[in-house]
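Right, one structure below, let's go through it.
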Amino acid sequence: MDTLGQIREFSKRLGFDLLGIIPVQPSQQTEQLDQWLKAGMAGEMEWIHRGQDKREDPRKVLPQAKTIIMVGVNYYNREIPKELLNDPSRGIIAKYAWFDDYHDIVKGRLEKYVEKISLALGKSINSKVYVDTGPFLEREFASKAGLGFIGNNTNLINYKTGSYVFLGEILLDTELDSFTNKVIGSCGTCQSCMDNCPTSALVNKKKLDARRCISYLTIELKKEIPEELRPLMSNRIYGCDICQEVCPWNSKAKNTSLTEFDIKEDLVAPSLIDLAKLTKEEFNIKFKNSPIKRTKYRGFMRNVAVALGNWASKEALTSVEKLIENQEDLVSSHAIWAKKQILL
């Protein structure tokens, strides 16, 4: 088996569903990124601004880079039953957070991949590995590498796996033969994601105003959630999958093959009343290895308070009053708002 054949085989063994290998090259989307940032659509995500210059060219990350390897990993398991999804007493968590932190899982596999490639080449190689964490326009390069097309919801979509895919990338200082797949499919005239986004965050095709996105509001935003957006969040307490749930390309999504993505059942539509009881210590233990830890206790309980307010049931009143007493001002202020919604 030739070297490229070995590299492809290693990819399959490591559980990567999609693979593309292309020469390193500058981004062609820096102008759009600059306009998006100047329009303020990144909200408080200052890390995007800080890494803007490096996003112009991967060689600003790894100067000796010659090759980009892009991988995609399917993480889909199942849909939430409608009776739970639409139950206002339940908190809805994005599918990617139903198991341990994907950053660690995929990065670990990418690092093993680098080791195997080094063995196949018979030499040590310099590399840089990212999983949604570095100054790298991964969806652009994933599309260039043939992993899929960019949908109107701004996600990468593959005609076989849909959009429930984690992307990972390796920058190598070694030239490899290119390997790409023909990109099949498009959104056509479909605008389901745009029509169904409750906060109208998808302001145009392939253009997201993060400041209105429920994922941003529940994870990236560290301050008060704008009051006018709170009712639109319904019972989403961490992330949002709505633009993926309504996407026709995900109607035939197949279950992941990786056991690391086995679902933690207590994270599938948990009771808001139960979540409201969590102390800071209990939160830290429960979400120690979870991406949910990114919100920290104050952010997560803020989100729970908003969802309780949107439930607007007297059953939630005791939980809300408990949150009003929370030592975190961010939590108590949102709980006060929630109580007003219940007592309207």
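The values are calculated or read from the model by the stated rules, or taken from the named source; none is laboratory data. Not measured: the values here are computed from a predicted model. Glycine gets a Cβ as well: all are built from the backbone with ideal geometry, and neighbour counts include every protein chain shown.
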>> Just the residues that are charged (D, E, K, R) and touching a helix residue (DSSP H, G or I) at 6+ places or on another chain (Cβ under 9 Å), please, taken from segment 171-202.
In response: ASP177
>> Among the residues of segment 309-328, are any in contact (Cβ under 8 Å) with a residue 40 or more places away in the chain, under 12 Å from LEU275 (Cβ atoms), among the small types (Gly, Ala, Ser) and part of a helix (DSSP H, G or I)?
In response: yes
> In segment 98-131, how many are small (Gly, Ala, Ser), without any contact (Cβ under 8 Å) to a residue 60 or more places away in the chain and over 19 Å from ASP262 (Cβ atoms)?
Replying inline: 3
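Among the residues that make up segment 84-91, is at least one of them buried (at least 20 other Cβ atoms within 10 Å of the Cβ) and not assigned by TED's automatic domain parsing to the domain that holds TYR130? Explain how you work it out, then say what you get.
Let us first name the residues in segment 84-91 that are buried (at least 20 other Cβ atoms within 10 Å of the Cβ), namely 90-91.
Subsequent filtering for residues that are not assigned by TED's automatic domain parsing to the domain that holds TYR130 retains 90-91.
Yes, segment 84-91 has at least one match.
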> In segment 208-233, what residues are surrounded by fewer than 16 Cβ atoms within 10 Å (Cβ to Cβ) and in contact (Cβ under 8 Å) with a residue 12 or more places away in the chain?
Replying inline: LYS222, LYS223, GLU224, GLU227, PRO231
>> Suppose we filter segment 171-196 for residues that are surrounded by 13 or more Cβ atoms within 10 Å (Cβ to Cβ) and either among the β-branched types (Val, Ile, Thr) or more than 20 Å from GLU115 (Cβ to Cβ) (or both); how many remain?
In response: 14
>> Can you tell me which of (1) surrounded by fewer than 16 Cβ atoms within 10 Å (Cβ to Cβ); (2) closer than 17 Å to ILE21 by Cβ; (3) touching a helix residue (DSSP H, G or I) at 6+ places or on another chain (Cβ under 9 Å); (4) not basic (Lys, Arg) is the one TYR130 doesn't meet?
In response: (1)
> How about segment 259-301: which of its residues are within 18 Å of HIS103 (Cβ to Cβ), among the charged types (D, E, K, R) and part of a loop (DSSP other than H, G, I, E, B)?
Replying inline: ASP262, LYS264, LYS288
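In segment 63-76, what residues are part of a loop (DSSP other than H, G, I, E, B) and buried (at least 18 other Cβ atoms within 10 Å of the Cβ)? Before the answer, list the steps.
Here is the first cut: in segment 63-76, the residues part of a loop (DSSP other than H, G, I, E, B) are 63-66, 75-76.
Within segment 63-76, ALA65, TYR75, TYR76 meet the criteria.
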>> Condition first: assigned to a loop (DSSP other than H, G, I, E, B), modelled with pLDDT of 95 or more, farther than 21 Å from VAL131 by Cβ and not assigned by TED's automatic domain parsing to the domain that holds VAL203. Can you find one or more residues in segment 29-39 that meet it?
In response: yes
>> Please count how many residues of segment 95-110 are in contact with a helix residue (DSSP H, G or I) (Cβ under 6 Å, 6 or more places away or on another chain) and not in a helix (DSSP H, G or I).
In response: 3
> LYS205 is checked against (1) modelled with pLDDT of 95 or more; (2) surrounded by fewer than 18 Cβ atoms within 10 Å (Cβ to Cβ); (3) under 23 Å from GLU9 (Cα atoms) and fails just one. What number does that condition carry?
Replying inline: (3)
